[in-house]
1. Ignoring everything except DSSP H segments at least 4 long, calculate the 222 nm mean residue ellipticity for the chain; use -39,500 (n - 2.57) per segment, divide by total residues, nearest 500.
2. In degrees between 0 and 90, to the nearest 10, how far off the longest principal axis of the chain does helix 8-19 point, with axes built from Cα atoms?
3. Rounded to the nearest whole Å², what accessible area per residue is found for the chain with the 1.4 Å probe?
4. Any idea what angle helix 280-296 forms with the longest principal axis of the chain, computed on alpha-carbon atoms, 0 to 90 degrees, nearest 10?
5. Using the Karplus curve 6.51 cos²θ - 1.76 cosθ + 1.60 with θ = phi - 60°, work out ³J(HN,Hα) for each residue of segment 248-263 in order, rounded to whole Hz, and write x for Gly and Pro.
6. Can you give the net charge of the other residues whose Cβ lies under 13 Å from the Cβ of ALA14, counting K and R as +1 and D and E as -1?
7. Could you point to the residue in ALA202, ALA109, PRO192 farthest towards the positive end of the chain's charge dipole, with +1 and -1 charges on the Cβ of Lys/Arg and Asp/Glu respectively?
8. Under a 10 Å cutoff between Cα atoms, tell me which one of LEU184, LEU59, LEU81 has the largest fluctuation in the Gaussian network model of the chain.
Amino acid sequence: MPIYPPTPDTMAVAARILREGGLVGMPTETVYGLAADATNGDAVARVFERKERPRFNPLIVHFSSADAAWSYADPVGAARLLAMAFWPGPLTLVLPMRREAPLSGLVTAGLDTVAVRVPDHEVALALITAAGVPLAAPSANRSGRISPTTAAAVTTELGEDIFVLDGGTCERGLESTVVALDALGGARLLRPGGVATADIEAVIGRGLDCIPPIAEIGDNEDGEAATPASPGQLASHYAPRAMVRLDALDVRAGEALLSFGPMTPPADGPQFNLSPSGDLVEAARNFFAALRLLDDSGVETIAAMPVPEHGLGEAINDRLRRAAHGRR
Ligand code: TXA
Ligand code: MG
């Protein structure tokens, strides 16, 4: 059995696996991560290998406190302010890396910046503390696939031989918001996520600069987005096996329905309502599990109803567009 409830014994085993350069499936409030010692190059290489992740795509490093993060990353601009407002929680800050930081160069894909975050999950925080090192952890799915929000989904994605700590279903359900800060006061949104953009803008007192929307990113032949600032923002990502039809107002023969809100079109086939009451927080929590469930039903196409583009709706729509990209 590769899935273990967190107990003093299993936590000690997980911490030992990490210190010895192994991988652990780690629950966080956003999605499950595939964790490795961020200071150990061999361990980090195993993460890339296991996920079949392109090496140009850097990883987020997880800390148990903001102060610990600041010894690896320089808290330029509004970093301290944002950390105070949202940590522990689903916000990742991309900051200049400290030269003396003992991180594996693979973690940052050779960039001179590093992505740091303090997760809001007691199992994750306890694991980082027990391991005694910061943990590099991308979402625990094969590269480009649906992110896991349960321990079982980690096993489905990555196989039976990964030691997974079961921290229950992820409370937030979507990855962290990624914001890049620079010493000149620049603040750029690299990925919408678990903290709404408007809430970040309220703290820093101005608008965030944005990366171009998918339509303008332009894929190269491997489906990789060509914006060096945000190497992880591949136009096609979070992809089910089925095709995804966006902004669906009806359900066609052979389709499954991914709906939202109280008014839904009639559907005979598989269906999942992200939030019958129209609550975006609930919809975010259900999103990846719903996509996985409908995909597993074997339909050819998932018809996705529109979700409002405000609050967490922005991050849900980002995931939906990437899930649909190139598969319409
Ligand atoms: O919620 C989350 O963020 C989850 C949990 C496990 O913490 N992790 C996660 O990791 O989503 P991952 O690897 O799937 O996404 C990391 C994102 C990628 O888009 C990556 O390109 C970006 O962060 N990133 C990491 N380091 C960066 C850097 N130095 N500069 C720009 N983008 C960076
Ligand atoms: Mg991911």
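The values are calculated or read from the model by the stated rules, or taken from the named source; none is laboratory data. None of these values were measured; they are calculated from a predicted model. Cβ atoms come from the backbone with ideal geometry, glycine included; neighbour counts cover every protein chain shown. When the accessible area is computed, the model is the full protein with side chains, heavy atoms only, and any ligands, DNA or RNA have been set aside. Shrake-Rupley method; radii C 1.70, N 1.55, O 1.52, S 1.80 Å.
1. -8500 deg cm²/dmol
2. 70 degrees
3. I get 41 Å² per residue for the chain.
4. 70 degrees
5. 6, 10, 9, 10, 9, 4, x, 9, 9, 10, 9, 10, 8, x, x, 9
6. Taking every other residue near ALA14 into account, the sum is -2.
7. ALA109
8. LEU184
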